[in-house]
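Input: a single structure, listed below in structure tokens.
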Amino acid sequence: MVSEAEYRQAVEAGQEYAKATPGVVAAGYDATTGRVTVELTNGARFEFPARKIQGLQDATDAQLAKVERMGRYALCWEELNADILVPELMAGIFGTRAFMAAQAGRVTSPAKAAASRRNGIKGGRPRKAA
């Protein structure tokens, strides 16, 4: 059971945290750049590529434009059943740990493709020595 004093102390701590931590004022989607812009209570603004976010990869421009502020620290696309916390976005976290790991493995480059072809000609990836 929480005492009245503990409850008041927790409420005050939450209010202090809210004053010190910028929250979302507004968010919008720009179809020309494919980015979501977020405005914060401290006047800062940042953007991120919408289709890099878990749950938004295959969304249409019309669906992405329906971004809503959810509480003080989250964005929501109700139609897509996708929510993301703004502090995570600012830290470069665009989804769950498994989603982020899968995205990291998808990076391709001409050099990587050429190395893969060379290894394929040789019979595949070299075995590790014991």
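A few remarks follow.
- MRE, 222 nm, helices only [DSSP H, n ≥ 4, -39500 (n - 2.57), over the chain, to nearest 500]: -10000 deg cm²/dmol
- Within-9-Å neighbourhood charge of A27 [Cβ basis; K, R +1; D, E -1]: -1
- A Förster radius of 22 Å, combined with the Cβ-Cβ distance separating K128 from A102, puts the computed FRET efficiency at roughly 0.40.
- Note on Y17: accessible area is roughly 130 Å² with a 1.4 Å probe, heavy atoms of protein only.
- A simple count of charges around A10, restricted to other residues whose Cβ falls under 14 Å of its Cβ and scoring Lys, Arg +1 and Asp, Glu -1, yields -3.
- Helical segments meeting 15 Å axial Cα length and Kyte-Doolittle -1.0 threshold in the chain (DSSP H): 110-121
- Pairs of lysine residues in the chain - Cα separation under 24 Å, sequence separation of 8 or more or cross-chain: 4
- Accessible surface of M70, taken over heavy atoms with a 1.4 Å probe and every protein chain present, rounds to 80 Å².
- Reported label for calculated Kirkwood radius over Cα pairs in Å given (i) 18.1; (ii) 20.8; (iii) 16.4: (i)
- Gyration tensor analysis over the Cα atoms of segment 1-42 returns equivalent ellipsoid semi-axes of 37, 10, 5 Å (largest first, whole Å).
The values are calculated or read from the model by the stated rules, or taken from the named source; none is laboratory data. Everything quoted here is computed from the prediction, not taken from an experiment. Here Cβ is always computed from backbone atoms with ideal geometry, including for glycine, and neighbour counts include all displayed protein chains. Note: areas computed on protein heavy atoms with side chains; ligands, DNA, RNA excluded. Shrake-Rupley method; radii C 1.70, N 1.55, O 1.52, S 1.80 Å.
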